[in-house]
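Quick notes on the structure that follows.
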Amino acid sequence: MKSIKIFAPATVANLSCGFDVLGCCLDTIGDEMVISLTEKPGIKITKIDGADLPLETHKNVAGVAIEALLAAYGKDIGITIEIYKKIKAGSGIGSSAASSAGAVWAVNHLLGTPYTPQELVKFAMEGEKLASGNAHADNVAPALLGGFTLVRSYDPLDIIKLHSPTDLVMTVIHPQIEVKTSDSRSVIKHKITLKKAIHQWGNVGGLIAGLYKEDYDLIGRSLEDVIIEPLRSILIPEFDTVKAVATEQGALGSGISGSGPSIFALNRGLETANNVADAIHEVYRKTGLDFDIHISRINNKGIKIIEEI
Ligand code: HSE
């Protein structure tokens, strides 16, 4: 029996302007998983700690993601999965993505890496499809590739890893209310005006140019969402106040993390990230809601091995 224990990171999808196409990987929050190859064929989830999630393979995002990988691999393999959830479901920082991406990454590693991280994205997307009804790749791609990623195209799938300036630090607040991705996708309009599209794709290009030029002002100017944020932000308590105090404290920009309710602020340097965290803490303390705040540099590696057993 061969086993591996991994860290499966949280991720921030969309990054304001890039709905379903942009995302980045965090370092200080993530799940742990232990995946083992066994002699007896079949996929078995033997333990889930920290969340009330189904143990049945076909109902669990990690299970269906591995099923997709094995269907392509074409061999009857025996696999057991233990999941130690630290990322809460419905938090907006890629909880289902961490499980899906972590599962396929670990199995791929145990099989001697027959697939590239880019190829693993399509298997992990099956987990996202089960979780939200939509196979979006903007959380699983940064979890698998690390850093910032772009889904250039869904059909055919074309995933690009982007440059990540080392000075960037995320502050993320997670208000402890659950917003299901499927619900927050249902408030989105499916048609937009050309004017808004022009505004938005200017920002997508600006953000990517800003990352490559390490132009922090350009990164900040581009963190703007004229399409999704106005519709979704009403689901998030104190959204506008959090954005305002983040800007006051020097954040480059801020917005909804994935489908919410988490809010991210991207900062230059740890000191600003800490100041932003303190200011957001003060805003949320007054609401009486429970919340977590995470501060993290961008994790340029993605999933990490904790132990090979
Ligand atoms: N792009 C997805 C959405 C991310 O916004 O619905 C979900 O985390």
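Return the total of residues in region 37-62 being touching a residue at least 24 places away in the same chain (Cβ under 8 Å) and open to solvent by 90 Å² or more (accessible area, probe 1.4 Å). Please lay out each step first, then the result.
Pass one, region 37-62, residues touching a residue at least 24 places away in the same chain (Cβ under 8 Å): 37-51, 53, 59-62.
Now narrow it down to the ones that are open to solvent by 90 Å² or more (accessible area, probe 1.4 Å): 39-40, 44, 59.
Looking only at that region, the number is 4.
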Quick one: how many residues across region 183-226 are at pLDDT below 95 and not in a helix (DSSP H, G or I)? 4
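Do the conditions hold for F7, that is, is it open to solvent by 10 Å² or more (accessible area, probe 1.4 Å) and within 16 Å of the ligand (Cβ to nearest atom)?
Working: open to solvent by 10 Å² or more (accessible area, probe 1.4 Å): yes; within 16 Å of the ligand (Cβ to nearest atom): no.
For F7, the condition - open to solvent by 10 Å² or more (accessible area, probe 1.4 Å) and within 16 Å of the ligand (Cβ to nearest atom) - is not met.
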Of the listed residues (L70, L37, L55), the one being more than 20 Å from M125 (Cβ to Cβ), away from the ligand (no atom under 16 Å from the Cβ) and not in a strand (DSSP E or B) is L55
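Here's the yes/no breakdown for (1) surrounded by 20 or more Cβ atoms within 10 Å (Cβ to Cβ); (2) free of Cβ contacts under 8 Å to residues at least 60 places away in the same chain; (3) farther than 23 Å from N275 by Cβ:
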residue: M170; (1), (2), (3): yes, no, no
residue: E178; (1), (2), (3): no, no, yes
residue: T181; (1), (2), (3): yes, no, yes
residue: S184; (1), (2), (3): yes, no, yes
residue: I198; (1), (2), (3): no, yes, yes
residue: A209; (1), (2), (3): no, yes, yes
residue: D217; (1), (2), (3): no, yes, no
residue: E224; (1), (2), (3): no, no, no
Of the listed residues (G260, G250, G302), the one being surrounded by 16 or more Cβ atoms within 10 Å (Cβ to Cβ), outside any strand (DSSP E or B) and touching a Pro at 6+ places or on another chain (Cβ under 7 Å) is G302
What's the number of the condition L162 fails, among (1) within 24 Å of I298 (Cβ to Cβ); (2) open to solvent by less than 40 Å² (accessible area, probe 1.4 Å); (3) at pLDDT below 95? (3)
Return the residues of region 95-116 that are under 25 Å from S262 (Cβ atoms), touching a strand residue (DSSP E or B) at 6+ places or on another chain (Cβ under 8 Å) and open to solvent by 10 Å² or more (accessible area, probe 1.4 Å); say none if nothing qualifies. S95, W105
Residue ranges of helices (runs of 4 or more DSSP H) in region 89-162 with at least 3 members within 15 Å of the ligand (Cβ to nearest atom), over 12 Å from the mean Cα position of the chain (by Cα) and touching a residue at least 24 places away in the same chain (Cβ under 8 Å): 117-132
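Quick check: anything in region 203-220 within 30 Å of I6 (Cα to Cα), among the β-branched types (V, I, T) and not assigned by TED's automatic domain parsing to the domain that holds G23? Before you say what the answer is, go through the steps one by one.
Initial filter on region 203-220 (within 30 Å of I6 (Cα to Cα)): 208, 211-212.
Next cut, among the β-branched types (V, I, T) only: 208.
Next, only the ones that are not assigned by TED's automatic domain parsing to the domain that holds G23 stay: 208.
Yes, there is a match, as at least one residue in region 203-220 is within 30 Å of I6 (Cα to Cα), among the β-branched types (V, I, T) and not assigned by TED's automatic domain parsing to the domain that holds G23.
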Please verify whether S233 is among the hydroxyl-bearing types (S, T, Y), in contact (Cβ under 8 Å) with a residue 40 or more places away in the chain and in the same structural domain as D290 (by TED's automatic domain parsing), treating the condition exactly as stated. no
Of the conditions (1) of a type in the set (V, I, T); (2) within 16 Å of the ligand (Cβ to nearest atom); (3) assigned to a helix (DSSP H, G or I), the single one that T272 does not satisfy is (2)
Which of (1) hydrophobic (A, V, I, L, M, F, W, C); (2) touching a His at 6+ places or on another chain (Cβ under 9 Å); (3) part of a loop (DSSP other than H, G, I, E, B) does L15 not meet, given it meets every other one? (2)
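The values are calculated or read from the model by the stated rules, or taken from the named source; none is laboratory data. Everything quoted here is computed from the prediction, not taken from an experiment. Because the Cβ atoms are built from the backbone with ideal geometry, glycine has one as well, and the counts that use them run over all protein chains shown. Remember, those area values only see protein heavy atoms, side chains included, never the ligands or the DNA or RNA. Shrake-Rupley method; radii C 1.70, N 1.55, O 1.52, S 1.80 Å.
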